[in-house]
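All remarks here apply to the structure that follows.
Please treat every number below as a calculation from the coordinates, not as lab data. Model, not experiment: these values are computed from the prediction. All Cβ positions, glycine included, derive from the backbone under ideal geometry; neighbour counts span all protein chains shown.
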Amino acid sequence: MKNLKIAIQKSGRLNEKSVQLLKNCGLNFENYKSSLITTVANFPLEILFLRDDDIPEYVQDGIADLGIVGENVIAETEADVRYLQRLGFGKCTLKIAIPNHSETKTLADLDGKAIATSYPTILKKFLDEHGVSAEIRMISGSVEISPALELSDAIFDIVSTGGTLRSNGLKPFADVMASEAILISKNGIDSNPVVRELMQRIQSVLRAAETKYVVLNVNRSNLDEIINLLPGVKSPTIVPLAEENWVAVHTVISEQDFWDKINKLKAAGAQGIVVMPVEKIIM
């Protein structure tokens, strides 16, 4: 069987998480830090390590069958690719930011102003949608310093924590686009059985990352209330304990509302709560 090819970022903010995701899927590969391509030993897949800007077009053109790349890069390149799975990491927001002392109050105030960015396509589309006519100045690299150098009146860039903006005397002005890592494919490839197998593995890892395995002890008199608080993958597992009228309840809890659930369980009579990570959840 011919190996499929998946393209991921060679270096940068998505590289480590992309590599870890593939390894968590049971894929065995080495030498990824010193090579542009590596073969997975136990799965019909080759991994290409590319600049993130190149990944969407490599997938669009069929050089790679799959890719992991930020949604912002897909939007900027306007590549014709299919979204297969949001991956939950690499989350950020693309924002317009202005100097702290700026008198800009509304989007209309950006009319005639210069905005520096590495993402001119996304920015132009946003400005056109809002009827704003600003000068877009393409800058590669440290966009944040351009207002201080009087190269622009505002910037448009990726913002994760906002620390870089603050250190350069800037403040967020307008959210333009939310982005995260996306698994993409060329059109039609998702029917391939190897792709379906890889998708199952990826989805099982993502489901596991969003849940915790929980074991708790509870008196049978409080069991119904506990069960109502704990919808598991299908339903909780109940195991009798040596102490009369006591049972152990096994289930999974979503990471999103974990602490809220734990507090409610304790209030309902749960004791000896043990929490463990989940490696895979296969549906």
About the Cα centre, charge dipole magnitude for the chain (Lys/Arg +1, Asp/Glu -1 at Cβ), debye: 780 debye
Using R₀ = 22 Å, calculate the FRET efficiency as 1/(1 + (r/R₀)^6) where r is the Cβ-Cβ separation of Q256 and M276; round to 0.05. 0.80
Charge dipole of the chain built from unit charges on the beta carbon (Lys, Arg +1; Asp, Glu -1), centred at mean Cα; most positive-end Cα among Q271, A108, N3 is Q271
Hey, got the dipole for the range 210-277? About the Cα centre, +1 on K and R Cβ, -1 on D and E Cβ, debye to the nearest 20? 40 debye
Taking only DSSP H segments of four or more residues, each worth -39500 (n - 2.57), what value at 222 nm results for the chain once the sum is divided by all its residues, to the nearest 500 deg cm²/dmol? -7000 deg cm²/dmol
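Could you give the length gained on full extension between E244 and D128, defined as 0.36 nm per residue of separation minus the Cα-Cα distance, in nm?
Length difference between fully extended and current span is 34.7 nm.
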I want the antiparallel fraction of DSSP beta bridges within the chain, as a percent rounded to 5. 75 percent
Footprinting exposure proxy for L198, L206 (fewest neighbouring C-beta atoms within 10 Å first): L206, L198
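Quick check on the range 142-226: take the gyration tensor over C-alpha atoms, sort the square-rooted eigenvalues as a ≥ b ≥ c, and tell me if it's rounded (a/c under 1.5), prolate or oblate. Write down the numbers at each step before the final one.
Numbers: a/c = 4.50, a/b = 1.59, b/c = 2.82.
Because a/c hits 1.5 or more and a/b fails to exceed b/c, the range 142-226 counts as oblate.
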Let me check I have the definition right: for the range 210-277, take the eigenvalues of the Cα gyration tensor, multiply each by 5, take square roots. What are those semi-axes in whole Å, largest first? 19, 12, 10
Roughly how large, in nm² to one decimal, is the mean projection of the convex hull of the alpha-carbon atoms in the range 49-199? 9.6 nm²
Once the Cα gyration tensor of the chain is diagonalised, semi-axes √(5λ) in Å: 43, 29, 15
Can you figure out the FRET efficiency of L107 with R166, using R₀ = 25 Å and their beta-carbon distance, to the nearest 0.05? 0.65
Residues S140, S185, S102, sorted so that the one with the fewest Cβ neighbours within 10 Å comes first: S140, S102, S185
In the chain, taking the dipole from +1 charges on Lys and Arg beta carbons and -1 charges on Asp and Glu beta carbons about the Cα centre, the listed residue (L127, V252, G90) farthest towards the positive end is V252
Just how far, in whole angstrom, is the range 18-66 from the range 204-251 if you go by their alpha carbon centroids? 39 Å
Modelled FRET efficiency - R0 30 Å, E225 with R13, Cβ distances, 0.05 increments: 0.10
